[in-house]
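Following: one structure in structure tokens, then a few remarks.
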Amino acid sequence: MISDIPVQDKVVFITIDDGWEKDADFVRLIQERQIPVTLFLANMAVKKNYGYFRELQQAGALIGDHTMTHPYMPGLSYARQKQEICDAADIYTTQYGSRPTLFRAPYGETDHDTLRAARDCGMKAIFFWREVVSNGRIAYQRPGGLRPGDILLVHFNPNMTADFKKMLRTIQKQGFRPAAMRDHLPAEFFQ
Ligand SMILES: [Zn+2]
């Protein structure tokens, strides 16, 4: 499970999970500032408006798989876990034009069957995170602030545009900038 990505530069990777809130201002922010983000979408949260995330995709966002119904995966049968991951990947293939290959488990929790199901659904990497951001505030797992290659976890939520700007200022103050996973992960992760 990947919590950070080896990099040379002072860059971090912003991931945004689930997809419940669909704020038009947030799309404009991503477009105007060209901020690279990876979205781990849960189908139950996005199915009423796939188009919203297509706009983010067109602004450069990468679409990842975060299951159909966002269950706690450990202990579920292999068949159920596979269905959760594969069905979401199938839908996103149709909606977003290419099959997701990056996966994050709900709550970051996995068991052996999750890893097997993810692989069997074509996932090339499973992501965890280093920092959780809520209300624009970054909670660090380790002392000393951001480190190069850290993966930040944000959720789609009602105040996200303002919160996101606040987080970006904190990232910038520490001398970091957000980078695109696509530019820093092995090419085979996307095949
Ligand atoms: Zn989630």
Segment 142-191 and segment 35-60: distance between their alpha carbon centers, rounded to Å: 17 Å
Within a Gaussian network of the chain (alpha carbon springs, distance under 10 Å), most fluctuating of ALA180, ALA118, ALA89: ALA180
Count, lysine Cα pairs under 16 Å in the chain, 8 or more residues apart or across chains: 5
Linear extension gain, TYR50 paired with LYS165, 0.36 nm per residue minus alpha-carbon span: 39.0 nm
Carbon + sulfur, % of accessible area of the chain - ligands and nucleic acids excluded, 1.4 Å: 48 percent
Residue with peak Gaussian network fluctuation, the chain [Cα springs, cutoff 10 Å], from PRO158, PRO100, PRO143: PRO143
Spacing of the two label points (7 Å from each Cα toward its C-beta) at GLN141 and SER98, in nm: 2.7 nm
Mean accessible surface per residue for segment 124-174, computed with a 1.4 Å probe while every protein chain stays in place, in Å²: 49 Å²
Counting DSSP beta bridges with both ends in the chain, the antiparallel % (nearest 5): 20 percent
Rounded accessible area of ASP4 (nearest 10 Å², 1.4 Å probe): 50 Å²
Nonlocal amide H pairs with ILE14, under 5 Å, H built at 1.01 Å: THR38, LEU152, ALA179
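Please work out whether segment 1-150 counts as rounded, prolate or oblate from its C-alpha gyration tensor, where a ≥ b ≥ c are the square roots of the eigenvalues and a/c under 1.5 means rounded, while otherwise a/b larger than b/c means prolate and anything else oblate?
Oblate.
Taking the Cα centre of the chain as origin, work out the dipole magnitude from +1 charges on Lys and Arg Cβ and -1 charges on Asp and Glu Cβ, in debye rounded to 20.
For this selection, approximately 480 debye.
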Degrees between helix 24-33 axis and first principal axis of the chain (Cα, 0 to 90, nearest 10): 60 degrees
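The values are calculated or read from the model by the stated rules, or taken from the named source; none is laboratory data. The model shown is predicted, which means the values in this text are computed figures rather than measured ones. A quick note on method: Cβ atoms are made from the backbone with ideal geometry, for glycine too, and the neighbour counts reach across all protein chains shown. Just so you know, the surface numbers come from the protein's heavy atoms only, side chains and all, with ligands and any DNA or RNA stripped out. Shrake-Rupley method; radii C 1.70, N 1.55, O 1.52, S 1.80 Å.
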